[in-house]
Amino acid sequence: MAVVIPAHSYTWIFVMTLLFAFLDAYSIGANDVANSFATSVGSRSLTLAQAVFIAIFTEFGGAIALGASTTKTVKDGIIQTSMFNSRPDLLMSGFMCALVSSSTWVMFATYLGMPVSTTHSIIGALIGIGVSAFGIDAVNWGWNGKGVAQIATSWVLAPTFAGILAAAIYLITLYGVMKRKNSLRAGIYAIPVYFTITTFIVSFYVATKNGKSTLDFKPKTTGGALQVTGNVALAFGIIGGVTGAVLIFCVALLVPFFIRRLEREESLKWYHIFYIHCVPEQPQDPKIDLYLKRAFTPQLLKDDEKKELGMPVDDPEEDKEKELEKPPAKISLVRFYNHIKLLLWRSIFMDVASLQHENKGAVRAHEVAIIYDNKTEYLYSLLQVMTAAFASFAHGSNDVANALGPLAGVYQIWSEGTFKTDASVPTWMLAYAGLGLDFGLAFYGYHIMRTLGNNITYHSPSRGFSMELGAALSVITASFLALPVSTTQCIVGATVAVGLCNGNWRAINWAMVGISGFGWILTLPWAGTCAGLLYAILTRGPSFTMPPGM
């Protein structure tokens, strides 16, 4: 029988849990969300500032609009909470320790530039709590019921499956568009197909896998037959309507715009898309090739081309002279203010893609990569923005609520004095975590972005789109089959597979892949050990209220 403690007991535990829940959301934004946008930023389809701007709306909007109204307080039932029925106060301590361990580990991994699974981090922390409190029998170590064995399997399963899907998508793109004699025309006609398929996939995922959807596809057992529940007609009506609208938009407006802008090279602006048939013929843009070269392959620009575009040309001797002419630094409030402003904003406006090109391992990998027509690549940059935005929206609608599980559990015990497996998640809590995600990406996400992307293999919009769609498809498929996979592991696996499509194993920076794999394996034991030790210190250490030896 569950014991009820007085409401608003152990307020300090609730406050500490609240603080570390924000840190956990911040670390998820800095690691997991940044990892999701790394391919788009690495391929130069988006700048870091643009990625942050999109994420502010998609992550926060996904959390608020489609965030789960209820969430499992213990992720995937990894420990048996019924053992805490007589001591809900100890369960509060356990949830707090889990968030402390998970958030600090992910922050430390982000500082080191290691992409890790934030879901596996909180699961590892809960495993540590279970073992510390009741021994190894309190944890589900097997395969059934999403146990530890499934998590370990996902370290290989997730990147392999995502890699196969991403490679298939890229090879279709490579031989169907990029290697065609007139790749630009082939790409323009292929765009409606790509947009329609991508829209269907992402809208289907958002409609069926958000926390407030009544429609669900899931098997009774792992890998079993799918069961459909909920309002199928309404869900597919919405999916069909959105997909149809995008198809009409592409055929009626996007294709004519690309033909005029890229084939005829007319000086058109992006907003001309919406009324392209009313825009009279424009003069040719003589610098369009240079603009696209600056956008996607600036490392190939020559000095005279940089001057023509108004870009600075590197001159080591001139830089030395300027350094010698600099006046001595003066301490002033203005200088201090500017320094603080630089620290706060450099992460948002940093040129992450250029930093990725400076890594020696990445440079060697880029030397064997094949570069295709920039005009054709430009077509896929729009697709990449779309997949990144929708993936971010889905991430906000699903993973935020899961990350709030321990906080929801502590809040429930603190406010009601008892514990339920399904805890209600107030809207303020979803907004609280959504802000944490946005701040994490904005001010610390560049650490992961400059580690991934081009640092693993050469990125271009067509490659990045294939990586993102392959990773998204693998996550969706795995969720329908009740197989536990990590978004981080999927995107790394997809990146490696697309890189190998260059036909040379040297196109991959294997040292960076090894660092990523090491982080995946280390996450579970590290988070679990730290959480277990912290819980043991808090609950079994010396106390003023207990005599020695008790």
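Only residues that are open to solvent by less than 30 Å² (accessible area, probe 1.4 Å) and touching a residue at least 40 places away in the same chain (Cβ under 8 Å) were counted in region 260-277, giving 1. Applying the set (1) more than 28 Å from the chain's Cα centre (by Cα); (2) in a loop (DSSP other than H, G, I, E, B) to Ser93 leaves exactly one unmet item: (2). Among the helices (runs of 4 or more DSSP H) confined to region 383-453, the ones with at least 3 residues that are at pLDDT 75 or above and among the hydroxyl-bearing types (Ser, Thr, Tyr) are located at 427-444. Scanning region 129-149 for residues being part of a helix (DSSP H, G or I) and either within 27 Å of Ile456 (Cα to Cα) or open to solvent by 10 Å² or more (accessible area, probe 1.4 Å) (or both) gives a total of 8.
Within region 161-186, the residues that satisfy the criterion of being surrounded by fewer than 17 Cβ atoms within 10 Å (Cβ to Cβ) and more than 24 Å from Ile259 (Cα to Cα) are Ile164, Ala168, Leu171. Within region 228-247, one or more residues are within 30 Å of Tyr372 (Cβ to Cβ), modelled with pLDDT of 90 or more and aliphatic (A, V, I, L, M). Taking the stated definitions as given, is Ile28 in contact with a Leu (Cβ under 7 Å, 6 or more places away or on another chain), closer than 25 Å to Gly409 by Cβ, crowded, with 19+ Cβ neighbours inside 10 Å and modelled with pLDDT under 90? The answer is yes for Ile28.
Annotation: Ser466 fulfils all but one of (1) at pLDDT below 80; (2) open to solvent by less than 10 Å² (accessible area, probe 1.4 Å); (3) assigned to a helix (DSSP H, G or I); (4) of a type outside the set (Lys, Arg); the unmet one is (1). If you go through region 27-49 one residue at a time, how many are assigned to a loop (DSSP other than H, G, I, E, B) and among the hydrophobic types (A, V, I, L, M, F, W, C)? Total meeting the criteria: 1. Between a residue in region 503-519 that is touching a residue at least 60 places away in the same chain (Cβ under 8 Å) and any residue that is surrounded by fewer than 16 Cβ atoms within 10 Å (Cβ to Cβ) and part of a helix (DSSP H, G or I), which pairs come within a Cβ distance under 6 Å, given they are 6 or more apart or on different chains? Taking only residues 6 or more apart or on different chains, the pairs are Asn509/Gly361; Ala511/Gly361.
Scanning region 187-204 for residues that are open to solvent by less than 20 Å² (accessible area, probe 1.4 Å), in contact with a Ser or Thr (Cβ under 7 Å, 6 or more places away or on another chain) and modelled with pLDDT of 90 or more turns up just one, Gly187. Inside region 1-25, residues that are touching a Phe, Trp or Tyr at 6+ places or on another chain (Cβ under 8 Å), open to solvent by less than 30 Å² (accessible area, probe 1.4 Å) and not in a loop (DSSP other than H, G, I, E, B) make up a count of 5.
The values are calculated or read from the model by the stated rules, or taken from the named source; none is laboratory data. Computed from a predicted structure; not experimentally measured. Cβ: placed from backbone, ideal geometry, glycine included. Neighbour counts: every protein chain shown. Areas reflect the complete protein model, heavy atoms only, side chains present, ligands, DNA and RNA absent. Shrake-Rupley method; radii C 1.70, N 1.55, O 1.52, S 1.80 Å.
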